[in-house]
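Beneath this line is the structure, given in structure tokens, with notes to follow.
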Amino acid sequence: MGAILLGLTLLSLIIWLGLLSLRGQFWRSDQLLEVGESQLQSLPTVCAIVPARNEADLLPITLRSLLLQDYPGTFHVFLVDDRSTDGTAGCAEGVAHAVDKAKQFHLVSGESLPPGWSGKLWAVDQGIQKATALTPDYFFLTDADIEHDQSNLRRLVTKAEQEDLDLVSVMVRLRCDSFWEKLLIPAFIFFFQKLYPFRWVNDPNKKTAAAAGGSILIRREALERIGGIQAIRQTLIDDCALALAVKERGRGAGVQGTIPNSQFPIPNSQFPSSPKGRIWLGLSSLTRSLRPYPFLATIWNMVARTAYTQLNYSPLLLVGTLVAMTVIYLVPPVGVILGAAMGNWAIAFTSLSAWLLMTWAYYPTIRFYKCPFWLAFSLPAIAFLYTLMTLDSAIRHWQGRGGSWKGRVYNNS
């Protein structure tokens with residue numbers, strides 16, 4: 001028993017040493033949009049696309065913030081009312097008139113969802129089709145629950161123009177007010193960064209690709225090269241699928257088609273003559289999501305909606321993930337307790353070392369979200385909850401309940 005436990009704690013310690021030294025420094029939270037900004041040399045035309053389904057409560061804040069961006073170039077907002085029942089359309093028009101931006105605002109009435117599409121992407125595609133008539137240089141894909149800092153769009157365009165990027169995205173600051181939000185939301189960002197190290201995403205020589213759906217600026221030519229939103233029409237993790245398509249399809253003559261639900265990179269051999277597309281993903285300390293997650297159940301449902309999708313609906317990957325989460329996050333605190341109880345200080349010391357390493361890795365995210373420092377020590381308990389959410393995600397898929405967006409259920413496989 002002691003030898004097995006010592007082996008597990010040593011394995012956990014080695015994994016943490018590897019993660020901290022070889023995983024793109026994911027834990028540093030240092031890829032920030034607000035750093036290193038300078039002046040725009042050109043003023044591209046931008047069209048924002050906002051899918052909205054029953055968002056009347058948030059639009060007076062979020063749509064107002066979008067319409068009042070300080071971007072000096074030509075800017076239009078296309079809000080797609082996805083068959084809302086709460087007066088979203090009237091509310092949106094009222095906001096546009098209230099801020100004297102009616103000429104820049106366009107309301108699109110969403111059509112019925114056709115087979116083979118996810119609801120959100122169908123709404124986004126309809127907005128893009130309408131906005132294309134203005135031949136914008138960029139599309140700004142954002143959500144109806146995002147309160148934009150006044151300079152958000154200007155910073156995104158500046159980043160794209162100065163670094164010749166095809167796609168720029170920021171992980172907006174998620175709401176972190178309630179107890180459960182403070183406990184679980186920073187960890188959601190931490191795990192996302194571990195899965196998609198931002199430095200690797202931003203490196204054109206790496207295959208890793210990801211984006212954050214709340215704030216994506218994409219060149220019109222880049223979107224056209226991948227076949228438009230239709231290329232990812234069935235994906236649930238649509239932001240990462242879009243980033244993958246842009247990065248892997250490159251800048252040459254694109255091949256029309258669809259991107260599979262899998263989040264794994266497309267082999268380069270399929271696109272031998274195309275240089276990789278250039279994308280960038282970072283954090284924003286200013287733009288934020290107003291979507292509340294006040295209870296454990298709300299966060300649980302958010303994670304369970306797509307966790308099994310992230311594993312490509314693979315039972316083998318699910319088992320591997322459950323084992324890995326146990327060894328990486330749960331073994332260290334258990335080893336500390338059992339090692340001390342057994343008087344085996346080798347186990348206790350090894351376990352404590354692994355626990356301290358994960359705490360040190362998690363602390364920058366805790367600090368970014370301005371949460372109490374002691375929460376950094378709680379990562380094992382938090383990881384246990386996320387492990388259960390992942391298992392529940394698989395169970396929901398097997399039961400045919402799958403993912404959902406605004407009351408619609410999808411069960412892609």
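Points to keep in mind about this one:
- Taken together, the residues in the range 110-127 that are in a helix (DSSP H, G or I) and out of contact with any helix residue (DSSP H, G or I) (no Cβ under 9 Å at 6 or more places or on another chain) amount to 4.
- Condition met for Pro51 (surrounded by fewer than 16 Cβ atoms within 10 Å (Cβ to Cβ), in the same structural domain as Arg154 (by TED's automatic domain parsing), closer than 21 Å to Arg291 by Cα and not hydroxyl-bearing (Ser, Thr, Tyr)): no
- For the range 77-101, filtering for residues that are touching a residue at least 40 places away in the same chain (Cβ under 8 Å) and farther than 14 Å from Val50 by Cα leaves 0.
- Residue that is within 25 Å of the chain's Cα centre (by Cα) and either closer than 25 Å to Leu167 by Cα or not in a helix (DSSP H, G or I) (or both), where the choices are Leu19, Leu79, Leu43, Leu107: Leu79
- Where helices (runs of 4 or more DSSP H) sit wholly within the range 296-410, those with at least 3 residues that are surrounded by 16 or more Cβ atoms within 10 Å (Cβ to Cβ) and among the hydrophobic types (A, V, I, L, M, F, W, C) occupy 296-310, 331-342, 345-368, 379-398.
- Note on the range 276-325: among residues that are polar (S, T, N, Q) and under 23 Å from Thr208 (Cα atoms), the one that is farthest from the chain's Cα centre (by Cα) is Ser314.
- Trp360 aromatic (Phe, Trp, Tyr) and either on the phi > 0 side of the Ramachandran plot or assigned by TED's automatic domain parsing to the domain that holds Leu58 (or both): no
- Subset of the range 40-97 (residues that are among the charged types (D, E, K, R) and either in contact with a Cys (Cβ under 7 Å, 6 or more places away or on another chain) or over 17 Å from Gly213 (Cβ atoms) (or both)): Asp57, Arg64, Asp70, Asp81, Arg83, Asp86, Glu93
- Test: residue in the range 141-151 that is hydroxyl-bearing (Ser, Thr, Tyr), surrounded by fewer than 23 Cβ atoms within 10 Å (Cβ to Cβ) and assigned to a strand (DSSP E or B): no
- Pairs where the first residue, in the range 106-129, is within 19 Å of Asp86 (Cβ to Cβ) and assigned by TED's automatic domain parsing to the domain that holds Asp143 and the second is in a helix (DSSP H, G or I) and small (Gly, Ala, Ser), C-beta under 8 Å, 6+ apart: Leu107/Ala89; Leu107/Ala92; Val108/Gly127; Ser109/Ala89; Gly110/Ala123; Leu113/Gly119
- Residue that is modelled with the lowest pLDDT, among those in the range 200-218 that are crowded, with 19+ Cβ neighbours inside 10 Å and out of contact with any strand residue (DSSP E or B) (no Cβ under 6 Å at 6 or more places or on another chain): Gly213
The values are calculated or read from the model by the stated rules, or taken from the named source; none is laboratory data. Remember, predicted model here, so these are calculated numbers, not experimental data. Cβ coordinates were reconstructed from backbone atoms using ideal geometry, including for glycine residues, and neighbour counts include every protein chain displayed.
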